[in-house]
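Accompanying notes for the structure given below.
FYI, it's all coordinate maths here, none of it is from the lab. Note that the structure is a prediction, hence the values are computed from the model and not measured. A quick note on method: Cβ atoms are made from the backbone with ideal geometry, for glycine too, and the neighbour counts reach across all protein chains shown.
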Amino acid sequence: MKKILTLAVISATTLLAGPNTGCGLGNAVIKTQDSVLMQVFAATTNGTSGNQTFGITSGTSGCAKPAKFVSNDKANEFVAGNMDALALDISNGQGEALTTLATLLNVSNDDVFASTLQANFDKIYTSSNVSSADVIDNIVSLG
């Protein structure tokens with residue numbers, strides 16, 4: 001039973017980590033990530049140390065700080081931690097993640113915000129491996 005649980009955790013973590021664990025301590029310490037196990041270690045290190053979000057907002061740990069940095073740490077952390085849910089909500093033009101982002105950014109008209117992002121989805125999520133910093137930059141550039 002332990003082996004099945006361990007395999008499930010490794011599989012889930014790998015799915016979340018994707019082919020590239022991005023930036024953060026895990027990415028800096030574990031240079032060779034050519035196997036599932038090494039990617040899991042890198043993603044787990046990032047998750048347990050909690051420094052990837054800090055790296056994104058501060059531009060440290062190999063992370064890119066958004067050029068048009070939104071000086072709202074909660075919004076930056078939210079986008080970094082909810083990339084997939086946010087992409088789905090933006091593509092649908094509605095949803096909890098999109099509403100939360102609008103609240104964090106103090107958007108006055110949620111409907112206009114949602115429809116603008118939906119109409120410009122391809123300008124926000126420019127590739128399957130776009131960084132949260134780029135997503136934030138791309139959203140800000142629409143304003």
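Couple of notes before you dig in:
- Compactness of the stretch 73-142 was expressed as the Cα radius of gyration divided by 2.2 N^0.38 Å, which yields 0.95.
- Leu37-Ala85 pseudo-label distance in nm [points 7 Å out on the Cα-to-Cβ vector]: 3.3
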